[in-house]
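In what follows, a structure is listed as structure tokens, so that the remarks can point back to it.
The values are calculated or read from the model by the stated rules, or taken from the named source; none is laboratory data. Just so it is clear, the model here is predicted, and its values are computed rather than measured. Cβ atoms come from the backbone with ideal geometry, glycine included; neighbour counts cover every protein chain shown. Ligands, DNA and RNA are stripped out before the accessible areas are found, and what is left, the full protein with its side chains, is counted by its heavy atoms. Shrake-Rupley method; radii C 1.70, N 1.55, O 1.52, S 1.80 Å.
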Number of protein chains: 2
Amino acid sequence: MTVSEYIFEYIAGYGCKTVYMVSGSSAMWLTDALYRNKNLTAICCHHEQAAAMSADGYGRINEIPGTCLVTIGPGATNAITGIAQAYVDSSPLFILSGQANSRLLKYAKETGIRQQGCQSINLGPMVKPITKYFAEVMDPDDIPQIMEDAYYAAMEGRRGPVWIDVPVDIQNRQVSEKCISRAQKQIFRCPVIKQEDIEKVLSLLRKSERPLILAGNGIRNAGAVEELKRICEMLSIPVVTSRGGLDIIESESFYYVGRPGSYGDRASHFAIQEADLLLILGCRLSISTIGYYPERFGKNAVKIMVDIDEKELAKNDVPIDHRILANVLDFLKILVNKIGTSRLLHKEWIEHCLKNREKYPTIQKEYSKEMPLNEYYVTGCLSKLTDGNANIIVDTGSVCNIVSQSWIMKKGQRYLISGGLSCMGFWATAIGAYQENRALIAIAGDGSTQMNIQEFATIKYNCIPLKLFVYNNNGYMLIRHNQHNYMNDRFLGVNPESGIQTPDFCKVAEAYGIKAVRISTVDELEEKIKYVLDLQETVVCEIICQEFAPIVPRIASRVMPDGSLKAAEFEDLYPFLEQQE
Amino acid sequence: MTVSEYIFEYIAGYGCKTVYMVSGSSAMWLTDALYRNKNLTAICCHHEQAAAMSADGYGRINEIPGTCLVTIGPGATNAITGIAQAYVDSSPLFILSGQANSRLLKYAKETGIRQQGCQSINLGPMVKPITKYFAEVMDPDDIPQIMEDAYYAAMEGRRGPVWIDVPVDIQNRQVSEKCISRAQKQIFRCPVIKQEDIEKVLSLLRKSERPLILAGNGIRNAGAVEELKRICEMLSIPVVTSRGGLDIIESESFYYVGRPGSYGDRASHFAIQEADLLLILGCRLSISTIGYYPERFGKNAVKIMVDIDEKELAKNDVPIDHRILANVLDFLKILVNKIGTSRLLHKEWIEHCLKNREKYPTIQKEYSKEMPLNEYYVTGCLSKLTDGNANIIVDTGSVCNIVSQSWIMKKGQRYLISGGLSCMGFWATAIGAYQENRALIAIAGDGSTQMNIQEFATIKYNCIPLKLFVYNNNGYMLIRHNQHNYMNDRFLGVNPESGIQTPDFCKVAEAYGIKAVRISTVDELEEKIKYVLDLQETVVCEIICQEFAPIVPRIASRVMPDGSLKAAEFEDLYPFLEQQE
């Protein structure tokens, strides 16, 4: 068996079925081995950025590492953004890259010469910071152990991408049988949860009158969603979710309060500041979740944080009272067992939270009357009409804020965003997130759509029945707001008046042979969305929206005399209320 | 003056007039300072990859650092491919990126946490390997010296890109006057050329009967093109050029022999192997120039290599007899002075070289009759019709090989390729290479055009009168050949039958509001090219070419029984000749 054959046999072996790639001569034997592997299908993207994002999407949806195959040099560097995104969002994936002849690579590494070998670049130093594991295959016999170690790294603890760089002269070399049989599977180890930690948590929970769970992406990754729901019911604890955990709980749940953050909602912010106990599960408390004053986040609460990543636990911004290093699933299972049948009732507290949810809806009634269309209103309609059996991919910028604030989550829906890195062009992740028998929806701003527009060719060619909703707000709306708020309307690079103009996306879609639908008015909105969702084919649906719609509520900032920015308090969302409860 | 104001004042101060950017909130004060700087214009691209390439193109054409402004995280990582390209091709440029708050960045660097700060990534470790200088601005008062040091690094010796990462809280801070006045300009130092080296070279030149100059990108960068021409005439020495030095000498010159390389021409390969003296000037002897047997490159010649990069001189592959560390311009000037009026005549040798040039033309006569169109023939026509006063940008893949083999270079033309990294999508470099009063032409394959297709919006919006010729060979032709030659026609990801289909580029261009012209037959070729070249506006001209045209001559390889590849000798180009002279 050759190195390349071994690699793809290994990848097919753990259940991966699709590899996202861009072909290239320096990955020729890898490509050929993929071609010959009967258990794998290749999807060829038109830019490595999209191939990496697709592999990321595949990994998130299927909960095994997705795979991306790229060539040497620019093929590899083009994938970096997608890999960095997978790293910060804890998404497991394999990236395989072609590389120059091993002798040349060795020389380049030893001497630090700018380049040795056509198209080559010494990749290790550049990608180690954004991967959990990186290996150059310099000896064919190393590959069995490399694959084991890489898989372990991708899936163990907090997940992430792993990168294997394979010199072209090694790709087609034979691997010796004895090395294959000798490769050692690593045993997954989880941190041991201390009995006293569980006791402590239980005792705090029993004492608490206003407990609240803040749940994040770590719950999803640990497969602990069902356990979370059980805990909520058993202890009657309401839940708020960070962006990464948005699809953990459906919007109609009795226990769902809201989604805190820089662009959050009032109900969740009030709940966090009123809670007397905050149980933070698989959520890394990023600034976009907690705002600008970590020391006052959950200011009335005893705070317990359960996380698999020691570095996240060790952060010194939010004053955490109890830090528990654990796989969230293990933690919740033990907790469920300990609770037994006992129930705590916090009916008043939950009803108080729900009252706020009703009192301060994110989608205001008047939005329905605005023209051009208001993106909150559009999102409300779209989410109402979207089936529960759907994967929803939401691109970055204002669209991510607006949709994440206002999407009505249904049971069964998966909701993917570029959480930590916030990459424009994330919509193309839909290529990897496609599953037969589930609807596939992406939502992107016009600026973000452009950043992966070449992938219109990929979705068309592969008949991926994506429904891409382009919220066209005529450029980069989030930055436009920013330049309005802080720069006195000195606009640069945000709309056609200031240097950037996106195309007519219906025309572009049609040029790629894709069906296109445009929506411009309130009257046609629901009907046309229904029409689009019912079509079996790929559709680009461009929705003409307001250029300057307020993105609210949000944590607002203002410029101070010394040129710095000062943010408002976490509970004091803009537009500011007259009287705070 | 704020940090951001200082940065752009400095950049305008050395003569830069245009900054290529994609806006973003974490670069907000940088963006605003650029807006307010009256000596700078911003061109907003639709992807940072293109912004970086444009800055690279600007630097190459204007011989000062181009400038690229991007935002934090994905904004920065999206630019990496373009910056890596500038690094290997010795192109000076400044890249400025927005970054998280300096306190958060510091924390991320110290702890190695995956992310601290929205969208942030610790950039230094990732981009230091592809830049000559990298700095994070952690103190506003550091910026004056950072700018000096960065400029020095970009322009000194072998040029390259420099990267300045500016935390958002630092961007708007004041720089103290005393730090501005204290900043020290670095003095450019060139290696001192030893008298004895010059004497040695002169004595070897005087003894030589078949001298040959191999000239590369280093001559262009050192501004030594005119000196080279003088040397050729004074000593009657013929010249071959590497890809990076293609536009150093016009094709009709009496001293021009050809362009060696993996995809070279016979005349230059014969000349190199027949020469008794090889003077290698500013050429790093990459494998794509010298082939696969460095020890037999210029096998009959005494080899003198003059280069500014010690690491390139120290390479141990081609056995160099005399290595001279020098700025090529300095070296040539001293040499010219020393030669005085003496002339060496190598008439027979030159005529022998020219005879080979005539005997083995790259564009074969029969190409003109082929249908679909042959790319060599198309290139011949296009280059004949292109003005001398033109900047020509040639994308990568088969197109780069074919056009670089067959372009008829005219006096005054600049010819840019992605030399070392060979980045698909390089055509967008044309955005930065645009100069008023000079024609602007780009040539790209259909696969490569896709890799920056979002920039159709940029060229349209900015009215850049680019003529983009898309050689449509229905996918990735170079890899298709590769899979044909080595994989027994197991095609994957190279054409519509194997996983990838590029769009109708005329339709896409029109969707972006760009005039489109399609050429499909020999009859219409010249007339339509003329029509396109004469138009004042932006045009995308799609030329339907053969899918499987031979790319010859070339250094061919074959697969050996052990799975490795074995290449032919440098002088033995495919198609192999019956009898070699």
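Structure values in brief
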item	result
Selected residue [open to solvent by less than 10 Å² (accessible area, probe 1.4 Å) and more than 8 Å from chain A (Cβ to nearest Cβ)] from B:Gln413, B:Gln454, B:Gln435	B:Gln413
Residue check, B:Asn488 open to solvent by 10 Å² or more (accessible area, probe 1.4 Å) and more than 8 Å from every other protein chain (Cβ to nearest Cβ)	yes
Single condition B:Tyr107 does not satisfy, out of (1) over 19 Å from B:Ile170 (Cα atoms); (2) at the interface with another protein chain (Cβ under 9 Å from one of its Cβ atoms)	(1)
Test result for B:Arg480, in a loop (DSSP other than H, G, I, E, B) and either open to solvent by less than 10 Å² (accessible area, probe 1.4 Å) or assigned by TED's automatic domain parsing to the domain that holds B:Cys381 (or both)	no
Residue check for B:Glu510: at pLDDT 95 or above, in contact with a strand residue (DSSP E or B) (Cβ under 9 Å, 6 or more places away or on another chain), within 14 Å of chain A (Cβ to nearest Cβ) and surrounded by fewer than 24 Cβ atoms within 10 Å (Cβ to Cβ)	yes
Selection from the stretch B:13-26 of residues that are within 28 Å of A:Thr396 (Cα to Cα) and either of a type in the set (Phe, Trp, Tyr) or out of contact with any helix residue (DSSP H, G or I) (no Cβ under 7 Å at 6 or more places or on another chain) (or both)	B:Tyr20
Some residue of the stretch A:53-70 being facing chain B (nearest Cβ under 8 Å), of a type outside the set (D, E, K, R) and touching a Leu at 6+ places or on another chain (Cβ under 9 Å)	no
Exclusive hit being more than 22 Å from B:Ile417 (Cβ to Cβ), in the same structural domain as B:Gln145 (by TED's automatic domain parsing), of a type in the set (A, V, I, L, M) and assigned to a helix (DSSP H, G or I), set B:Ala50, B:Ala12	B:Ala12
Test: residue in the stretch B:334-356 that is buried (at least 20 other Cβ atoms within 10 Å of the Cβ), over 23 Å from B:Glu274 (Cα atoms), in contact with a Leu (Cβ under 6 Å, 6 or more places away or on another chain) and assigned by TED's automatic domain parsing to the domain that holds B:Pro260	no
Filter result for the condition that a residue is open to solvent by less than 10 Å² (accessible area, probe 1.4 Å), in a loop (DSSP other than H, G, I, E, B), at pLDDT 95 or above and of a type in the set (A, V, I, L, M), over A:Val306, A:Val318	A:Val318
Any hit, the stretch B:63-83, residues being open to solvent by 20 Å² or more (accessible area, probe 1.4 Å), in contact with a strand residue (DSSP E or B) (Cβ under 9 Å, 6 or more places away or on another chain) and not assigned by TED's automatic domain parsing to the domain that holds B:Ala457	no
Matching option when the condition is in contact (Cβ under 8 Å) with a residue 12 or more places away in the chain, within 25 Å of the chain's Cα centre (by Cα) and more than 14 Å from chain B (Cβ to nearest Cβ), among A:Leu313, A:Leu335, A:Leu285, A:Leu279	A:Leu279
Residues that are open to solvent by less than 10 Å² (accessible area, probe 1.4 Å) and at the interface with chain A (Cβ under 9 Å from one of its Cβ atoms), drawn from the stretch B:125-155	B:Met126, B:Val127, B:Ile130
Condition broken by B:Gly15, with the remaining ones in (1) out of contact with any Leu (no Cβ under 7 Å at 6 or more places or on another chain); (2) within 12 Å of chain A (Cβ to nearest Cβ); (3) of a type in the set (Gly, Ala, Ser) satisfied	(2)
Answer from A:Tyr58, A:Tyr107, A:Tyr87 - the residue that is outside any loop (DSSP other than H, G, I, E, B), in the same structural domain as A:Glu9 (by TED's automatic domain parsing) and surrounded by fewer than 22 Cβ atoms within 10 Å (Cβ to Cβ)	A:Tyr107
Residue within the stretch A:171-187 that is within 12 Å of chain B (Cβ to nearest Cβ), modelled with pLDDT of 95 or more and under 30 Å from B:Thr77 (Cβ atoms) present	yes
Which listed residue, of A:Ile121, A:Ile95, is in contact with a Pro (Cβ under 9 Å, 6 or more places away or on another chain), among the hydrophobic types (A, V, I, L, M, F, W, C) and either within 13 Å of chain B (Cβ to nearest Cβ) or open to solvent by 10 Å² or more (accessible area, probe 1.4 Å) (or both)	A:Ile121
Pairs, first charged (D, E, K, R) in the stretch B:207-219, second open to solvent by less than 10 Å² (accessible area, probe 1.4 Å), C-beta under 6 Å, six or more apart	B:Arg210/B:Ala275
Leading residue by the ranking (surrounded by the fewest Cβ atoms within 10 Å (Cβ to Cβ)) among those in the stretch B:369-386 that are free of Cβ contacts under 8 Å to residues at least 60 places away in the same chain and of a type outside the set (Ser, Thr, Tyr)	B:Lys384
Unique match (being in contact with a Gly (Cβ under 7 Å, 6 or more places away or on another chain), at pLDDT 95 or above and of a type in the set (Gly, Ala, Ser)) among A:Ala215, A:Ala222	A:Ala215
Failed item in (1) within 28 Å of A:Lys369 (Cα to Cα); (2) not assigned by TED's automatic domain parsing to the domain that holds A:Gly425, with A:Arg558 passing the rest	(1)
Top-ranked residue in the stretch A:521-574 [being part of a strand (DSSP E or B) and open to solvent by 40 Å² or more (accessible area, probe 1.4 Å); ranked as modelled with the highest pLDDT]	A:Ile544
Within the stretch B:194-290, helices (runs of 4 or more DSSP H) holding 3 or more residues that are surrounded by fewer than 19 Cβ atoms within 10 Å (Cβ to Cβ) and out of contact with any Phe, Trp or Tyr (no Cβ under 8 Å at 6 or more places or on another chain)	B:195-207, B:225-235
Residue under evaluation B:Arg36, criteria (1) in contact with a Gly (Cβ under 9 Å, 6 or more places away or on another chain); (2) at the interface with chain A (Cβ under 8 Å from one of its Cβ atoms), criterion not met	(1)
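Yes/no per residue for (1) within 14 Å of chain A (Cβ to nearest Cβ); (2) on the phi > 0 side of the Ramachandran plot; (3) touching a helix residue (DSSP H, G or I) at 6+ places or on another chain (Cβ under 8 Å):
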{"site": "B:Glu542", "(1), (2), (3)": "yes, no, yes"}
{"site": "B:Cys545", "(1), (2), (3)": "no, no, yes"}
{"site": "B:Ile551", "(1), (2), (3)": "yes, no, yes"}
{"site": "B:Val559", "(1), (2), (3)": "yes, no, yes"}
{"site": "B:Ser564", "(1), (2), (3)": "yes, no, yes"}
{"site": "B:Pro575", "(1), (2), (3)": "no, no, no"}
{"site": "B:Glu578", "(1), (2), (3)": "no, no, no"}
